[in-house]
Amino acid sequence: MKMQRLIWSMLVLALLLAPSGTASISPLTSEAAAAQKDVATQGVAALVGDIVHADSCEQEDVQDAIDEAEDGDTVLVPADTCTWTTLASQTPAVHVSEKAITLQGAGIGQTTIIDGTGTDWYNESLIRVDGVQGKPFRITGFTFSEINRPAPVLVYGDCKNFRIDHCEFDNSLESTSTGIVTSGDTYGVVDHCLFSESRVVVMGSGDAAWQQPLALGTDNAVYVEDCHFDRTHGNVVDANNGGRYVFRANTVNNSYIEAHSNCPNGLRATFSYEVYSNTLVASIPTYRPFLMRGGTGVIFSNAITGSYTSPHIHVDNQRSCMGEDGLTCLPPWDRCDGDSVYDGNQPGGQGYPCRDQIGRSTDSGRTTPQALEPLYEWDNTVNGVVDVADIVLNPVMCDLTAEHIQEGRDFYNDTERPGYSPYVYPHPLTKELVLTGTPGDETIYLDWSAKALLPVTATWHVEYYTQTTSVYTAAEPLSTTRSTVLTEHVQNYQWYTVTLHAMVGETSWLSDTVRVMPTDLVVHLPLVMRED
């Protein structure tokens, strides 16, 4: 017994001294992970503040409630189906201007807004938000149906911490529909949304965006994560004019991921993109999973399956081909062939490097040199086979493409980007419940904090288990103490996976998970692992 105690003491000490002991969590079982994901996709919760009830889902009532709300408040829109229209040409149906509020429906399929707006691309949206830095906003719990050409949700401004989550964008009218457009120096997260024949478009701030440093692996981007896309016409995400996006942990059916160049629309190209941990499935013949036409970034650990004709990462530069097959570009851009003042025009390079092309980054002006920042690809699989989905030149582009975009200079295949680390997942803006655990002698002490406003009828539900035992549960009323103690079925020197749910009826609104090892030893640090 003394020898066993000594071994355990050494184990505990090693765990306490390990630098990563409190920074990560061991993987859950596949069943537990799937259950946890199911719970997460059901949540609809509001930021702390006062509640302003819209009298109905009609746009006038919603606008009145938004106008009444102050920073930190939640505007609750009841379950129903309403049609919103634009009250005047080039105006949104509902407008949120420089307010830190949550606009919350009753949930997907419960609060449904039918799009009766016009077709002006950037103005006649269902909801326009003019955000401002320092005032986070959130839109959650809606279905947007019968989407017209402009996006139902349009985000302008320089807010750096918006969230759009648990919404459905269901287009039944046309194949070119967009669900969300962000425009300007604004960053945040789109998570746990459903897109049917719809997409996300990220527009940056043009020249100003290209004068900022490359910031891969940070929160300086629009994040799209844990969403589901079904689309048979067009892409599921796109960017332009210096836009920066991260597209991760999404499911894409029968479509592709894109980043636009500075042609043909005359804007600046996409600045950067990080695309990883996505599942792309082609259940019908689909040409390609990726089309990247400018800027730089990383594309890795994506699973590509099904009937993709060319299961590669296609890259091109449209200005390499202007004048061929009728391709034109709006001013000021013209053909990249050595004669444009906007390009690098290196000797023998046929204009190389072209402005904003693949592998180019920050500049200090349209006619100044751009930083060389190659695009990197690694660990992408095609039907389970690694290192097949390489970066290739778009086969339908012209001969100058090969002069302008070259492997080993502008992009690298099967090579991790030096010094790159992904930003923490899930995005911190999605974290509304934080659970902590402290070990005791055959005891687990739990404490938690919640940033969400929960109904008084809600209850706390705890699930905990080891890898070799059944799942045990405990329920607590919704109290202000935010704590409980687990002693039943708890033994020392075993890792317990503990998940806390905030339950409303039979539905989990919020959840968080930690792992704790109970012990009868006196320790100075908690034996706890968690997801960050």
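Laboratory data are not the source of any read-out in this text; all were calculated from the coordinates shown. As the structure is a prediction and not an experimental result, all values here were calculated from the model. Cβ atoms come from the backbone with ideal geometry, glycine included; neighbour counts cover every protein chain shown.
Net length available on complete extension from residue 71 to residue 424 is 124.3 nm, with 0.36 nm assigned per residue and the Cα-Cα distance removed. Here r is the Cβ-Cβ distance between residue 371 and residue 301 and R0 is 35 Å; the resulting FRET efficiency, rounded to 0.05, is 0.85. Applied to the range 347-363, the Karplus parametrisation 6.51 cos²θ - 1.76 cosθ + 1.60 on θ = phi - 60° returns per-residue 3J(HN,Hα) values of x, x, x, 6, x, 4, x, 6, 4, 6, 6, 3, x, 10, 9, 3, 10 Hz, with x for Gly and Pro. A simple count of charges around residue 163, restricted to other residues whose Cβ falls under 9 Å of its Cβ and scoring Lys, Arg +1 and Asp, Glu -1, yields -1.
For a protection proxy built on the mean count of beta-carbon atoms within 10 angstrom, sort 419-425, 296-302, 72-78 highest first, please.
296-302, 72-78, 419-425
What the phi angles of the range 186-201 give under the Karplus curve with 6.51, -1.76 and 1.60, with θ = phi - 60°, is a coupling list of 10, 9, x, 9, 10, 9, 6, 10, 10, 10, 10, 6, 8, 7, 10, 10 Hz, glycine and proline written as x.
Residues whose amide H lies under 5 Å from that of residue 110, counting only those 5 or more places away or on a different chain, are 143; hydrogens are built 1.01 Å from N in the peptide plane.
Between residue 409 and residue 521, the contour length at 0.36 nm per residue exceeds the Cα-Cα span by 34.7 nm.
Could you state the number of Å between the C-alpha centres of the range 58-95 and the range 409-452? Cα centroid of the range 409-452 versus Cα centroid of the range 58-95: 35 Å apart.
Spin-label model, residue 494/residue 85: points 7 Å from Cα along the beta carbon direction are separated by 6.5 nm.
In this structure the amide hydrogen of residue 306, modeled in the peptide plane, comes within under 5 Å of the amide hydrogens of 282, 383, none closer than 5 places in sequence on its chain. Round to a whole angstrom and tell me the spacing of the C-alpha centers of the range 352-368 and the range 130-207. Centre-to-centre (Cα) distance: 28 Å. Annotation: peptides 213-223, 136-146, 377-387, ranked by per-residue average of other Cβ atoms within 10 Å with the highest first, follow the order 136-146, 213-223, 377-387.
By how many nm would the segment from residue 61 to residue 436 lengthen if fully extended, with 0.36 nm per residue of separation less the alpha-carbon distance?
Separation in residues times 0.36 nm, less the Cα-Cα distance, equals 130.9 nm.
A simple spin-label model places the labels of residue 507 and residue 327 4.8 nm from each other, with each point 7 Å out along Cα-to-Cβ.
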